[in-house]
Amino acid sequence: MTARLKAIWASVNASYWFLPALFSLAALLLASLTIYLDRSGWADFLNDVTWLQPARPDGASNMLTVIAGTMMGVASTVFSITIAAVAYASGNYGPRLLTNFMEDRGNQFSLATFIGTFVYSITVLRTVRGEDERPSNIEDAVASALPGFVPQLSLLVAFGLMLLSVAVLVYFLNHIPSSIRVNNVLKGIGARLLEEIEELFPEDNTGGRAHSAPDGKAITARDTGYVQAIAFKSLEELAKRENGKLKLAVRTGDFVHPEVTIAYWAEMDVVEDCPDDEVRAAFTLGSMRTPSQDMQFLIDELAEIGLRALSPGINDPFTAVTAVHWLGAATAELARRNLTRSYAQEDEEPHLILLEDDFAHFVARGFGAMRSGVATNRIAALVTFDALIDATSTLDDETRRAIIMQEGDLLAQQAREHLVGPELEAVEARYQQFLNRVER
């Protein structure tokens, strides 16, 4: 249930309806409150403020009408600009980045502010009574000493919301071009990746290896889709309750369909009565991958941007260089971390065995995926060797050092098939520097 709720929240978080709906409800409640204060006499002190001229019914109606109409026009423009920016970004950087832009709080708050101001203004407008109109009730009749009824406090709040909306519009016009700038896009992905690494693997590398369990009774999926979330703690408690081992066969982000094995029961006393349905319920499937619980999705996004930049149609090696820099930072962080995870209580043997995410897997997912594009460009290849060297600068694990060494060897081997002349000579020289630094 927890994993399913997280998946639902991730979907809501990446939508353009949640915050506008929330702000609309808040605006409706705020309007009801200020109108009540105006009618009950709590706002009469505004009539004594000399520099604040009380509004007349006609002026108040015109002002609220203009604010409401303008906000809807601005909201439509903001939504159109946002969709255009999202289409541009997904077309240039990859469709998988669509989720990142949909989750952008700046765009969501901008749209929500304009919608909320519109709802507030319309709600207050319906209470304004002209000088020739009769009051609808006693409270309305005694609410103002002036002919008609003008909720002065509500009108003042509407004016404040209008000023806030202007400020938000200026912010939005600056935020949109900044958010689709490729360096900012890569920074957002890379920074989030580093945060995920720190959260998932908080301990330094001790040279330990992941727990293992023999394959046993297979548990197969019954639905089709990407694994968006897994309730690890619930599975650990379930396996502990059954006094057995539960070995996962998939990771978050993997695609499954009926009859694909998602886990194994092992070391069970009674295999026939295993609660397979409870295990399946801990897996949340969806139509697409999401960054939630899926660190490899962020690695794939960096690799995708780098490969697109190195494609013949774009040929932008410097964007690829930035992607390599962030991949290098993530690889260096992974190199010094203990990559084993356990959801058991301290000093207890784990009953849930995760599909092993070793260092070689992450290196292949990042630098290995980009190798085919990097090997065709001298600039990108030189920077990649530098990033691999930096990843070993504080590394004292010989096994992981050998993995990085192997990745450098493969890059040099593939570069020899694509580069010639001075470009190949420069790459070979940097490769020798790589060998000298990594082997020592």
Tell me the accessible surface of Glu417 in square angstrom (1.4 angstrom probe, heavy atoms of protein chains only), to the nearest ten. 140
Taking a 1.4 Å probe, which of Tyr36, Tyr93 shows the most accessible area, and what order do the others take after it? Tyr36, Tyr93
Residues whose built amide H sits under 5 Å from the amide H of Ile262, excluding neighbours closer than 5 in sequence, are Ile219, Thr220, Ala221
Which whole-number percentage describes the relative contact order of the chain, with Cα contacts under 8 Å and a sequence gap of 6 or more? 16
In the chain, carbon and sulfur make up what percent of the accessible area (probe 1.4 Å)? 56
Output the relative contact order of the stretch 254-355, whole-number percent, from Cα pairs under 8 angstrom with separation of 6+ residues. 12
Based on the mean of other Cβ atoms within 10 Å per residue, sort peptides 15-25, 98-108 so the most packed one is first. 98-108, 15-25
Rounded to the nearest 10, the angle in degrees between the Cα long axis of helix 398-415 and the longest principal axis of the Cα atoms of the chain comes to 90
Return one number: the angle in degrees, 0 to 90 and rounded to the nearest 10, between the long axis of the Cα atoms of helix 182-200 and the longest principal axis of the Cα atoms of the chain. 70
Stretch gain in nm, segment Leu25-Val166, where the contour uses 0.36 nm per residue and the Cα spacing is subtracted: 48.7 nm
Quick one: what are the phi-derived ³J(HN,Hα) couplings along the stretch 313-327, Karplus 6.51/-1.76/1.60 with θ = phi - 60°, whole Hz, x for glycine and proline? x, 9, 6, 10, x, 6, 5, 4, 4, 5, 4, 5, 4, 5, 5
Note to self: with every protein chain in place and a 1.4 Å probe, the chain gives an accessible area per residue in Å² of 50
Compare the peptides 54-62, 196-204 by average per-residue count of other Cβ atoms within 10 angstrom and give them in order, highest first. 54-62, 196-204
Rounded to whole Hz and in sequence order, give me ³J(HN,Hα) for the stretch 303-310 from the Karplus expression 6.51 cos²θ - 1.76 cosθ + 1.60, θ = phi - 60°, writing x for Gly and Pro. 5, 5, 4, x, 5, 5, 5, 8
Förster radius 56 Å - calculated FRET efficiency between Asp254 and Val66 (Cβ-Cβ, nearest 0.05): 0.55
Which value at 222 nm does the chain reach when only helices count, each DSSP H run of 4 or more adding -39,500 (n - 2.57), with the total divided by all residues and rounded to the nearest 500 deg cm²/dmol? -19500 deg cm²/dmol
At 1.4 Å probe size, with no ligands or nucleic acids counted, give the accessible surface of Ser11 in Å², nearest ten. 80
Glu333 versus Ser76, label points 7 Å from Cα toward the beta carbon: distance in nm? 4.4
Please check: in the Gaussian network model of the chain (C-alpha springs, under 10 Å), which one of Gly94, Gly408, Gly366 has the largest mean-square fluctuation. Gly94
Please work out how much length the chain gains when fully extended from Asp409 to Ile314, using 0.36 nm per residue of separation minus the C-alpha to C-alpha distance, in nm with one decimal. 31.5 nm
Long-range tail of P(r) for the chain (Cα pairs > 37 Å, %): 47
The FRET efficiency for Glu417 and Thr220, from their Cβ-Cβ distance with R0 = 51 Å and rounded to 0.05, is 0.75
Does anyone have the angle between helix 105-125 and the longest principal axis of the chain? Alpha-carbon axes, 0 to 90°, nearest 10? 20
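The values are calculated or read from the model by the stated rules, or taken from the named source; none is laboratory data. This is a predicted model, so every value here is computed, not measured. Backbone-built Cβ (ideal geometry, glycine too); neighbour counts: all protein chains shown. To get the accessible areas, we keep the full protein, side chains included, count just its heavy atoms, and leave off ligands, DNA and RNA. Shrake-Rupley method; radii C 1.70, N 1.55, O 1.52, S 1.80 Å.
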